[in-house]
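The values are calculated or read from the model by the stated rules, or taken from the named source; none is laboratory data. What you are looking at is a predicted structure, and each value in this text was computed from that prediction instead of being measured. Neighbour counts run over all protein chains shown; Cβ positions are idealised from the backbone, glycine included. Side chains included, ligands, DNA and RNA excluded: accessible areas come from the protein's heavy atoms. Shrake-Rupley method; radii C 1.70, N 1.55, O 1.52, S 1.80 Å.
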Amino acid sequence: MRLIILKDLFVGFLRARHMTRHFRRRFLPDVGVLPEVSHEVPHALGQELRAAALSEPEAVLARLDSRIDGLAESRAEEIRGAVGFNEVEQEKPLPWWKHLWHCFRTPFNLLLTLLAVVSGITGDYEALVVIGTMVVLSTLLRFWQEARSNREADAIKSLVTNTATVVRPVAPVDAGAPADEVFGVRLDDGLGHQSEVEVRLLVPGDVVLLAAGDMIPADCRVLSAKDLFVAQAAMTGESLPVEKFALQRDESVQNPLELENILFMGTNVVSGSARAVVVNTGERTYFGALAGRVLAQDRAPTSFQVGVNRISWLLIRFMLVMAPVVLLINGFTKGDWGEALLFAVSVAVGLTPEMLPMIATSTLAKGAVTLARRKVVVKQLDAIQNFGAMDVLCTDKTGTLTQDKIFLERHVDAWGEESEEVLELAWLNSRHQTGLKNLLDVAVLERGGVDGPSDVAGRFRKVDEMPFDFVRRRMSVVVSGPDGNHRVITKGAVEEVLQVCDRVMHDGVEVPLTPELLERIRAVTTGLNEEGLRVVAVASRTLAPVRQTYGVADERALVLAGTIAFLDPPKESTREALAALAAHGVAVKVLTGDNERITAKVCREVGLVPRNVLLGGDVEVMDDVALGRAVETTDVFARLTPTHKARIVRLLKANGHVVGFLGDGINDAAALRTADIGISVDSAVDIAREAADIILLEKSLMVLEAGVVEGRRTFVNMLKYIKMTASSNFGNVFSVLVASAFIPFLPMLPIHLLVLNLLYDISQIAIPFDDVDDDQLQRPQRWEPGEVGRFMLFFGPISSIFDILTFFMMWFVFAANSAAHQTLFQSGWFVVSLLTQMLVVHMIRTAKVPFIQSRASWPLLFMTVTIIAVGVFLPLGPLAPALSLESLPPLYFVLLPLIVLGYMALTQWMKGIYCRRWGWQ
């Protein structure tokens, strides 16, 4: 009988404190390290796109059973029924029941459920109710918070409904008419009427019209184009747009992304216009193929998952050691092995931290709410703690560190000196051309203002122009100035402009372009290139106003004015954000598809001084061992493919780092999924948002620092609970074993343990709202099972010392040494046990002196004071008889502070020893 009661004692007393924790990271199950996979498109798709590019427009239309004036709506519906909607596969949300199961199936929840079942079988229904309640609350809280965050993420995608301008026939088409001629009108005559159609309704064979600002709705073949420039940064990472034409000039091209007349879903038109026919839609597009391969890969286990599993096994091993010890001791000393088995199971239940899942989920949910106020959507709760553990942030350059917008950075003469005349000439050229207004022209016009520098607009009028082409790689305008003369103004690639120059302007004087001067000009250009700037030359020539029509032949004998240089500048918050991350111990590495010179320039602009630069070609030929060493000493990786990015992130993780990745393009999606924490922005492509754990709704990168700080605060508060429970439970096991050895009655009744457990659990609700010392926020926080085990063994015996001291005080000082006086004994230990449990939180929440150098948050202080007051009042109040408690003598309250202060003083002294030897996490 005595052992049965002791079993109840163990269950209640130890159950009140021990904890555990775990969480799953994402909606997909985790199956180990993400294997390195190729994110290139299937060969067949590449060949299909190449075949479309090399075919004549008429042949492409014929193969798609389409015409220059598009498909009839009825025919489009037939094709849609066969091929489906123009939608790319996305990470489908789990059904609510499966999401709920994933929220439940954490190691600690499963262990707690098993022990709750064992408790029910052995008749400990109080333990069953308490443990079951904690599991249900933590599961539902996590389910609710993650479901809400994912609804917010989905809302971002539904803000805009994309449409495309589709051409439909104006009248029934003669089925026998050739594809290149309908009603006698040739291919480029622009038949059909325009209709706005949802992008998801497009089908192969639809003819679409594209203009500046349009998203490419599917993979398309250009039929006709006028100065068409397309931004493919989402695919390639290249910040500058590429020009597209109706015909493929180089038939040897094998890479689909280099085809000059193929447009890819997910890219966008920067300038110009085009008519194109849809070749592939949905998952059959280049974008869809990449997205499908990214989403098909299982996510890599994160630092959070690995750390939690290690902590879980530490506590489970502790339980597996202590339970057999209790079984053997009681079995051999008492002789009743059945009771000894029940007693050992009770110890196992008591050593399991039933509050941890709820505390951890509440802490993470609080962090999610805090970040939501900073316009950050947290899709996965575990990502908050990974934020705090992150020690390496890998980031794309274009659109993340930079504004993804070209700016005119410099306008200099041939000697590299600032020149206003160069800006005036460049502005006139950009202002008066009627062809392509690319990003460079926009930058020039913005720099010069509406009327141009020095109001130059009112002094010149346009006469003629020679449009840009990729053979000459320059364009010219002819303007008439105040003196009536005509002036040819040319700008373009430096070498191509130098070919038509024979003089150079220097301090208002034209000087011959000698070989020595040519080398000087090239040196100035190289210097600008080394700064990561794209350089364009500007030249001019004055002619008599004898004619109004000019041609390419007039681009000769020009006078070089100088050069203009452009930059894709960093966001205003980038430098400050990177400095803040560095101050918090987070190293930043840039992984980009752009070239190394521009990347190096951006890095210098934001205060990031790279130690080494590694190119994609080098990454390609290095094995994992060599690259694993290189990633530790390299800060900038340029000209990378999506596979390169994911591989670098994987190797950083293999080296023991907790890695975050910040990106917004489809070429970032694989790395986003591989990283411990994927971060994207609301303007990112869908697949990047799907792969990310966190979405930034504002352009400022300072929220990254807020996320790191919040993640570390979350981690520290969870770790407080783990350390407190592990250490106190270790001491309590020893205390109860000692008590059962020499006391002839129970040191506490089950009702005492139930009340103690209830009061203690209520007090822990405030832990997620506790403050954290600044020094604990300055460095990455990691799960260290060895640290938890060492802490448990170091501080656990302290509580046992004062538990045993209380036993002696009640036994010898107050003569509570018989069954007749057991209520006095139990009341005395009830109060001491409650006070030490409340105070241990404040002792181990900080390495400093509690209440003096570091104070807890007011919710935690309030809960501590309230619970202590309730606990002291219960033996004195009207509920004492019902709880089998009795009033304590005045001398007890004289000695009580000495016990409590002694406990605090010894703990603080031991804490100092611990900090000096091992530090404080």
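A few points about this structure:
- Selection count where residues are touching a helix residue (DSSP H, G or I) at 6+ places or on another chain (Cβ under 6 Å), of a type in the set (Val, Ile, Thr) and open to solvent by less than 10 Å² (accessible area, probe 1.4 Å), scope segment 591-618: 2
- Condition met for Val278 (crowded, with 21+ Cβ neighbours inside 10 Å, of a type outside the set (S, T, N, Q), modelled with pLDDT of 75 or more and over 27 Å from Leu697 (Cα atoms)): yes
- Count - residues of segment 503-538 that are in a strand (DSSP E or B) and more than 16 Å from Arg410 (Cα to Cα): 8
Listed here are the residues, each with its yes/no results for (1) at pLDDT below 80; (2) of a type in the set (S, T, N, Q); (3) in a helix (DSSP H, G or I).
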{"position": "Gly399", "(1), (2), (3)": "yes, no, no"}
{"position": "Asp404", "(1), (2), (3)": "yes, no, no"}
{"position": "Glu409", "(1), (2), (3)": "no, no, no"}
{"position": "Trp415", "(1), (2), (3)": "no, no, no"}
{"position": "Glu421", "(1), (2), (3)": "no, no, yes"}
{"position": "Leu425", "(1), (2), (3)": "no, no, yes"}
{"position": "Asp441", "(1), (2), (3)": "no, no, yes"}
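- Residues of segment 537-580 that are β-branched (Val, Ile, Thr) and buried (at least 22 other Cβ atoms within 10 Å of the Cβ): Val538, Thr563, Ile564, Thr574.
- Qualifying residue in segment 456-479 (condition: part of a helix (DSSP H, G or I) and in contact with an Asp or Glu (Cβ under 6 Å, 6 or more places away or on another chain)): yes
- Screening Lys653 on (1) open to solvent by less than 10 Å² (accessible area, probe 1.4 Å); (2) at pLDDT 85 or above shows it passes everything except condition (1).
- Ile868 being of a type in the set (A, V, I, L, M, F, W, C), open to solvent by 10 Å² or more (accessible area, probe 1.4 Å) and either farther than 26 Å from Ile913 by Cα or part of a helix (DSSP H, G or I) (or both): yes
- Looking across segment 729-741 at every residue that is modelled with pLDDT under 75 and of a type in the set (S, T, N, Q), the one that is surrounded by the fewest Cβ atoms within 10 Å (Cβ to Cβ) is identified as Ser740.
- Of the residues making up segment 84-96, not a single one is modelled with pLDDT of 80 or more, open to solvent by 30 Å² or more (accessible area, probe 1.4 Å), under 30 Å from the mean Cα position of the chain (by Cα) and among the basic types (Lys, Arg).
- If the condition is being within 57 Å of the chain's Cα centre (by Cα), over 13 Å from Ile899 (Cβ atoms) and surrounded by fewer than 22 Cβ atoms within 10 Å (Cβ to Cβ), then segment 794-832 contributes Phe794, Gly796, Pro797, Ser800.
- Count of residues meeting criterion [part of a strand (DSSP E or B) and open to solvent by less than 30 Å² (accessible area, probe 1.4 Å)] in segment 253-271: 4
- Scope segment 585-604; condition touching a Ser or Thr at 6+ places or on another chain (Cβ under 8 Å) and of a type outside the set (A, V, I, L, M, F, W, C); matching residues: Lys589, Thr592, Gly593, Asp594, Thr599
- In the set (1) open to solvent by 20 Å² or more (accessible area, probe 1.4 Å); (2) touching a Ser or Thr at 6+ places or on another chain (Cβ under 8 Å); (3) polar (S, T, N, Q), Thr514 fails one condition alone, (2).
- Inclusion of Thr634 among residues that are over 20 Å from Val586 (Cα atoms), of a type outside the set (Phe, Trp, Tyr) and touching a residue at least 12 places away in the same chain (Cβ under 8 Å) is not warranted.
- Residues located in segment 60-77, provided they are surrounded by 14 or more Cβ atoms within 10 Å (Cβ to Cβ) and without any contact (Cβ under 8 Å) to a residue 60 or more places away in the chain: Arg63
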